[in-house]
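Student: Sharing a structure, written as structure tokens. Questions coming.
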Amino acid sequence: MDIEHKNTAADVVVMGAGLAGLAAGLSALENGAGVMLIEKGRKPGGSTVRAAGTFAFAGTDMQRAAGIEDTPALLADELEVVAAGAGDPALRARYVSDQLDTYHWLLERGVVLERVQLSGGQAVPRAHAVATDRMIETLTRCFLSRGGLLSTATAVERLQPARDGAWNAILSDGRFIVAKGVVIASGGFSRSPTLLRTFAPKLLAAVPISGLENTGDGLRIGMSLGAGLADMAWIKGTFGLPVPDYPALPDDSPEGMALLLAIYRGAIVVNREGRRFTDESASYKRISEACLAQPGAVAFQIFDDTVMGTSVPVPVNNDFRGALQRGLVRRADTVEELARSVGLTETALKETINTYNAMAGSGEEDAFGRLSLGGGVGRLIPLERPPFYAIPTAVGVTGTFCGLTVDSSMQVLDVFGSPIKGIFAAGEVVGGFHGENYMSGTGLGKAAIFGRVAGHEAVLAGKRLEAEAIE
Ligand SMILES: Cc1cc2nc3c(=O)[nH]c(=O)nc-3n(C[C@H](O)[C@H](O)[C@H](O)COP(=O)(O)OP(=O)(O)OC[C@H]3O[C@@H](n4cnc5c(N)ncnc54)[C@H](O)[C@@H]3O)c2cc1C
């Protein structure tokens with residue numbers, strides 16, 4: 001993957017080749033810049049290749065073809081509701097204004113979106129499913145074929161001011177690159193116990209499942225330049241991490257271990273006592289907080305064969321059949337047998353399911369406020385058709401979804417709100433977009449949309465520098 005090159009200067013340097021970095025790099029190339037993309041891992045991908053793979057887009061032709069009514073205005077309203085009064089309205093507005101264009105941009109570059117479905121935090125189905133490994137391969141090929149330079153297994157370690165408003169990117173292999181614009185796209189910090197302890201100590205009890213290099217390098221570099229921070233108070237785990245060897249709990253998640261979310265297809269969630277404890281239609285971020293408060297910080301998604309019948313291969317978090325084959329789902333002919341297989345009290349689980357089934361048939365709100373499968377959509381399904389299934393489930397940390405303050409052109413702002421000229425950021429390292437909660441599909445959405453903006457703006461910043469030099 002490495003390309004031999006001796007360049008020590010580039011118009012734009014991009015730090016990190018996940019989705020945000022690839023979108024930024026491609027966008028900078030397409031706007032006429034020479035681009036060097038520096039990736040710390042052995043290959044591009046980061047957290048992006050581990051993602052279940054849904055984009056939150058609204059008003060697409062795929063939605064129309066599926067008879068789903070959705071508009072950018074509805075997306076804007078829902079993003080505001082999900083943010084719950086936090087987050088920066090200007091960043092949400094930028095997401096909404098650029099999302100349809102980015103949807104087409106991805107398709108035009110060969111990214112395949114396979115279907116649209118409902119997911120967490122969405123009132124209408126707008127999760128556009130993608131196979132993330134293929135998407136990264138496609139975008140990497142595009143980047144290289146258009147003349148972009150990629151260095152893998154190389155980290156950006158520091159950014160230092162150079163002459164005439166440019167920046168020096170100091171690399172782990174001893175090189176440095178002088179660039180007129182820099183895009184920080186290095187992902188989050190869920191693999192850094194030090195940063196987690198500082199910003200979200202509760203999540204030290206959860207399992208990190210993000211890209212292995214998500215150690216907060218970009219956050220630290222931004223902080224070293226005086227960048228402000230946003231949304232740090234709202235970091236949450238994600239409910240849905242299967243526990244294959246339960247009762248043994250994992251302390252890490254191997255690549256390829258996707259989340260499983262049978263809850264939005266009709267499963268209920270019970271704790272080790274066999275009791276429900278949450279509204280399963282809520283965002284999996286909210287459910288994660290409830291799960292961390294349960295005995296052993298573990299829970300069980302329980303469902304029947306009707307729910308199993310909704311299994312699809314993509315996105316992988318709905319591939320319940322595949323998960324069954326891989327030993328992540330337990331199956332039994334009766335509820336009692338299922339309870340025994342995961343160590344739950346038979347009578348408690350049976351009672352819980354009976355109570356739920358009575359409520360699901362009545363159309364009335366239950367004790368936990370559940371009225372729908374997810375986000376207000378989908379009728380509840382009584383769990384009565386054998387065989388029955390259980391997924392022992394823990395809380396994972398997929399990402400940190402907070403970080404450097406930026407304006408709507410992805411220009412990094414310092415702690416006083418002033419621009420740090422020439423430095424841009426995109427993707428998970430950016431703070432201020434999500435606010436208090438997270439709408440499913442906006443992690444990838446934000447990476448692609450803001451990555452494109454950051455790449456283009458870094459080129460424009462370089463042109464401004466050149467113009468100033470001529471004057
Ligand atoms: C299991 C899981 C499921 C998810 N599911 C979804 C989903 O379905 N929908 C959704 O919207 N979001 C989802 N997310 C979140 C989403 O994947 C991320 O928000 C998104 O991929 C972030 O993209 P990024 O490019 O900012 O970061 P990444 O993809 O993590 O890329 C950052 C890159 O920077 C590199 N890097 C780090 N430090 C340095 C350095 N010093 N120098 C150079 N390179 C560096 C890393 O190696 C990495 O390749 C999921 C995440 C996980 C883990």
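Since every read-out is calculated from the coordinates, none of them should be taken as a lab result. Please read these numbers as outputs of a predicted model, since none were measured by experiment. Note that we place each Cβ from the backbone using ideal geometry, even for glycine, and neighbour counts take in every protein chain shown.
Student: Largest first, please: the extent of the C-alpha atoms of the chain along each principal axis, to the nearest Å.
Tutor: Largest first, the chain extends 79, 44, 40 Å along its Cα principal axes.
Student: Answer rounded, prolate or oblate for region 245-316, using the Cα gyration tensor with square roots of eigenvalues a ≥ b ≥ c: rounded when a/c is under 1.5, else prolate when a/b is larger than b/c, else oblate. Walk me through the numbers on the way to the answer.
Tutor: On the way: a/c = 1.59, a/b = 1.13, b/c = 1.41.
It comes out oblate by the Cα gyration axes.
Student: Run lengths n ≥ 4 of DSSP H only: what is the helix-derived mean residue ellipticity at 222 nm for the chain, with -39500 (n - 2.57) per run over all residues, to the nearest 500? Numbers along the way, then the final one.
Tutor: Working: 13 runs with 151 residues, N = 471.
The helix-only estimate for the chain comes to -10000 deg cm²/dmol at 222 nm.
Student: Here's a follow-up. Spin-label point model (7 Å from Cα, Cβ direction): what's the Ala73 to Arg163 distance in nm?
Tutor: For Ala73 paired with Arg163, the spin-label model returns 5.5 nm.
Student: Now for a different question. To the nearest 20 debye, what charge dipole does region 238-397 have about its Cα centre, counting +1 at the Cβ of each Lys and Arg and -1 at the Cβ of each Asp and Glu? The partial results should precede the final answer.
Tutor: Values: 15 positive and 20 negative charges, 39 e Å.
The dipole of region 238-397 has a size of about 180 debye.
Student: Right, another one. How would Arg452, Arg385 line up from fewest to most surrounding beta-carbon atoms within 10 angstrom?
Tutor: On the way: Arg452 25, Arg385 14.
Result, fewest neighbours first: Arg385, Arg452.
Student: Additional query: Angle, helix 346-362 long axis vs. longest principal axis of the chain, Cα atoms, 0 to 90°, nearest 10?
Tutor: Helix 346-362 sits roughly 80 degrees off the main axis of the chain.
Student: Using a basic spin-label model with each label point 7 Å from the Cα along Cα→Cβ, how many nm lie between Leu460 and Asp333?
Tutor: Simple spin-label model gives 6.7 nm for this pair.
Student: Another question, then. Give me the percent relative contact order of region 208-283, please, defined on Cα pairs under 8 angstrom at least 6 residues apart.
Tutor: Details: 34 pairs, mean separation 18.5, N = 76.
With pairs under 8 Å counted, the relative contact order is 24 percent.
Student: Run the numbers for Thr306 and Ala233: contour at 0.36 nm per residue of separation, minus the present Cα-Cα distance, in nm. Show your work: numbers first, answer last.
Tutor: Details: separation 73, 0.36 × 73 = 26.28 nm, distance 3.91 nm.
Result: 22.4 nm gained on full extension.
Student: Of Lys40/Lys446; Lys421/Lys463; Lys180/Lys421; Lys43/Lys285, which pairs sit farther than 19 Å apart, going by alpha carbon to alpha carbon?
Tutor: Numbers: Lys40/Lys446 21 Å; Lys421/Lys463 12 Å; Lys180/Lys421 10 Å; Lys43/Lys285 29 Å.
Among Lys40/Lys446; Lys421/Lys463; Lys180/Lys421; Lys43/Lys285, the Cα-Cα distance tops 19 Å for Lys40/Lys446; Lys43/Lys285.
Student: For region 238-397, what does the relative contact order come out to in percent, with C-alpha contacts under 8 Å and a separation of six or more? Please report the intermediate quantities before stating the final value.
Tutor: On the way: 304 pairs, mean separation 57.1, N = 160.
So the answer I get is 36 percent.
Student: Rounding to the nearest 20 debye, state how big the charge dipole of the chain is about its Cα centre with +1 on each Lys and Arg Cβ and -1 on each Asp and Glu Cβ. Present the calculation step by step, with values, prior to reporting the outcome.
Tutor: Values: 43 positive and 52 negative charges, 136 e Å.
Roughly 660 debye for the chain.
Student: Just going by the charge dipole of the chain, with Lys and Arg at +1 and Asp and Glu at -1 on Cβ, which of Gly403, Ser190, Gly237 is farthest out on the positive end?
Tutor: Ser190
Student: Report, in whole Å, the centroid distance computed from the Cα atoms of region 132-171 and region 309-335.
Tutor: What the calculation gives is 38 Å, centre to centre.
Student: Now for a different question. Please state the shape class of region 238-397: rounded when a/c is under 1.5, otherwise prolate if a/b exceeds b/c and oblate if not, all from the C-alpha gyration tensor.
Tutor: Rounded is the answer for region 238-397, as its axis ratio a/c remains below 1.5.
Student: Okay, next question. Using packing as a proxy for protection, rank 48-58, 337-347 so that the peptide with the highest average count of other Cβ atoms within 10 Å comes first.
Tutor: Going by the mean number of other Cβ atoms within 10 Å, highest first, we get 48-58, 337-347.
Student: If you line up the long axis of helix 72-83 against the longest principal axis of the chain, both from Cα atoms, how many degrees apart are they, to the nearest 10?
Tutor: 80
Student: Based on Cβ point charges of +1 for Lys and Arg and -1 for Asp and Glu, what charge dipole magnitude is obtained for region 1-142 about its Cα centre, in debye rounded to the nearest 20?
Tutor: Computed about the Cα centre, the dipole is about 460 debye.
Student: With angles folded into 0 to 90 degrees, how steeply does helix 89-108 sit against the dominant principal axis of the chain? Use alpha carbons for both and round to 10.
Tutor: Tilt of helix 89-108: around 90 degrees.
Student: Considering only DSSP beta bridges where both residues belong to the chain, give the percentage that are antiparallel (nearest 5). Before the final figure, lay out each step's value.
Tutor: Details: 39 of 58 bridges.
For the chain, the DSSP antiparallel bridge percentage is about 65.
Student: Using the basic label-point model (7 angstrom from Cα toward the beta carbon), what is the Glu364 to Arg134 distance in nanometres?
Tutor: Inter-label distance under the simple model: 4.8 nm.
Student: For the chain, what's the relative contact order in percent, using C-alpha pairs closer than 8 Å and at least 6 residues apart?
Tutor: Numbers: 1161 pairs, mean separation 122.5, N = 471.
Answer for the chain is 26 percent.
Student: Between Leu371 and Glu436, how high is the FRET efficiency from 1/(1 + (r/R0)^6) when r is the Cβ-Cβ distance and R₀ = 22 Å? Nearest 0.05. Don't skip to the end; give the middle numbers.
Tutor: Working: r = 22 Å, r/R0 = 0.99.
Efficiency at R0 = 22 Å is approximately 0.50.
Student: Evaluate the Debye formula for region 390-471 with equal point scatterers sitting on the alpha carbons, no solvent, and hand back log10 of I(q)/I(0) at q = 0.13, 0.14, 0.15, 0.18 Å⁻¹, in q order, two decimals.
Tutor: Values, matching the q order: -0.49, -0.55, -0.61, -0.79.
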